[in-house]
1. Can you go through 89, 35 and tell me which one is modelled with pLDDT of 75 or more and either at negative phi or under 33 Å from the mean Cα position of the chain (by Cα) (or both)?
2. Looking at the range 318-354, which of its residues are farther than 30 Å from residue 223 by Cα and touching a helix residue (DSSP H, G or I) at 6+ places or on another chain (Cβ under 6 Å)?
3. Just to verify a result, which residue in the range 214-235, among those that are in contact (Cβ under 8 Å) with a residue 60 or more places away in the chain and assigned to a helix (DSSP H, G or I), is surrounded by the most Cβ atoms within 10 Å (Cβ to Cβ)?
4. Would a scan of the range 164-179 turn up a residue that is farther than 30 Å from residue 263 by Cα, in a helix (DSSP H, G or I), in contact with a helix residue (DSSP H, G or I) (Cβ under 8 Å, 6 or more places away or on another chain) and at pLDDT below 65?
5. From the residues in the range 236-263 that are in a loop (DSSP other than H, G, I, E, B) and in contact (Cβ under 8 Å) with a residue 12 or more places away in the chain, which one is surrounded by the fewest Cβ atoms within 10 Å (Cβ to Cβ)?
6. From the list 129, 100, 133, exactly one residue is closer than 30 Å to residue 163 by Cβ and either outside the structural domain of residue 56 (by TED's automatic domain parsing) or without any contact (Cβ under 8 Å) to a residue 24 or more places away in the chain (or both). Which is it?
7. Taking only the range 315-368 into account, find how many residues are assigned to a loop (DSSP other than H, G, I, E, B) and either surrounded by fewer than 16 Cβ atoms within 10 Å (Cβ to Cβ) or in contact (Cβ under 8 Å) with a residue 24 or more places away in the chain (or both).
8. Can you tell me which condition residue 371 does not meet? The list is (1) at pLDDT 95 or above; (2) loosely packed, with under 11 Cβ neighbours inside 10 Å, and all the others hold.
């Protein structure tokens, strides 16, 4: 019996030994951490981080309300736009704060602490540059004031360039935190850009041409232009490489900027007046008195109508210019005060109605149309056959 009891007691005592060892390990881990990380501090750090995440919405709303009151106090004109631009960066701030305080509680070794500090600093810089990038879009109203000196397209390019510089500065600042020198990177990019430039000659040529077009103010967005032998339509977008022109059949045409720079371009939107130039043919049976009456009445209508620009500002005339194949031809030239296409067409239509009334009703003449007259002469009678 004693031997059996002794055998049974061995496993029982072994279990207690194992439990005691596990307890000692748990206490050691609780106090000393894994490895060297204090679990109490770890729990506190996790709690702080969760606290900031849970209260993220409340903290964001509080910050946005304070910011709104500050803007109202200073009568900020773009209040709603500024709040919208800063909303997302502000929502990210509680996470950064939570990580910062959690890092302070964890007490990492120096080697790890330096890394965590850099990560938190990088996140802080990210929030700052993110906010500045969004505020640039709000500041476009300020840049728009430069349109009196610069073209709208050039202002758009400046805004895009400013955003790119902010992104570049933000990336460079974050890389510097981690000890990455951007100097060699920029040098490498410079060498790479030279290689790219050799293979992308047309691209850089179009970019330079685009800058030339904008600085010279050849056309602006919304202008009606005609490019010699290329396209006729309305300018919709001026890009770095090409310009989008919408034809009047609503089809978009993407024209390289170099083409716009090197070819003749007519900008109809910069016309001071729109011209009506007609050749009017009257029948050959029209008398001199009828021709003079038509000329006189048409000129009276044009010179007495406020829709038309008047001499000496423009040249307005109606003259007999030639005796055509089947008509006596007048040439009529007049300019309207409006440059709007629809209004111009209405004025031209009214002139056509009046011209027809003058020719057919008042002068009693008629418009000529292409025709040919055949004259048949009598032939001498053939002598009778003598046979």
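The values are calculated or read from the model by the stated rules, or taken from the named source; none is laboratory data. Small disclaimer: the values here were computed from a predicted structure and weren't measured. All Cβ positions, even for glycine, are placed from backbone atoms using ideal geometry, and neighbour counts span all protein chains on display.
1. On the way: 35 fails: modelled with pLDDT of 75 or more.
So the residue among 89, 35 that is modelled with pLDDT of 75 or more and either at negative phi or under 33 Å from the mean Cα position of the chain (by Cα) (or both) is 89.
2. 318, 354 - these are the residues of the range 318-354 that are farther than 30 Å from residue 223 by Cα and touching a helix residue (DSSP H, G or I) at 6+ places or on another chain (Cβ under 6 Å).
3. 214
4. no
5. Restricting attention to the range 236-263, the residues satisfying the condition of being in a loop (DSSP other than H, G, I, E, B) are 239-241, 248-251, 263.
Filter once more, keeping what is in contact (Cβ under 8 Å) with a residue 12 or more places away in the chain: 239-241, 248, 263.
Numbers: 239: 15, 240: 12, 241: 16, 248: 10, 263: 12.
Here the answer is 248.
6. Working: 129 fails: either outside the structural domain of residue 56 (by TED's automatic domain parsing) or without any contact (Cβ under 8 Å) to a residue 24 or more places away in the chain (or both); 133 fails: either outside the structural domain of residue 56 (by TED's automatic domain parsing) or without any contact (Cβ under 8 Å) to a residue 24 or more places away in the chain (or both).
Answer to the selection: 100.
7. Taking the range 315-368 as the starting set, the residues that turn out to be assigned to a loop (DSSP other than H, G, I, E, B) are 315-316, 324-327, 337-340, 363-366, 368.
Those still in the list that are either surrounded by fewer than 16 Cβ atoms within 10 Å (Cβ to Cβ) or in contact (Cβ under 8 Å) with a residue 24 or more places away in the chain (or both) too: 315, 324-327, 337-340, 363-366, 368.
Counting residues in the range 315-368 that are assigned to a loop (DSSP other than H, G, I, E, B) and either surrounded by fewer than 16 Cβ atoms within 10 Å (Cβ to Cβ) or in contact (Cβ under 8 Å) with a residue 24 or more places away in the chain (or both) gives 14.
8. Going through (1) at pLDDT 95 or above; (2) loosely packed, with under 11 Cβ neighbours inside 10 Å one by one, residue 371 breaks only (1).
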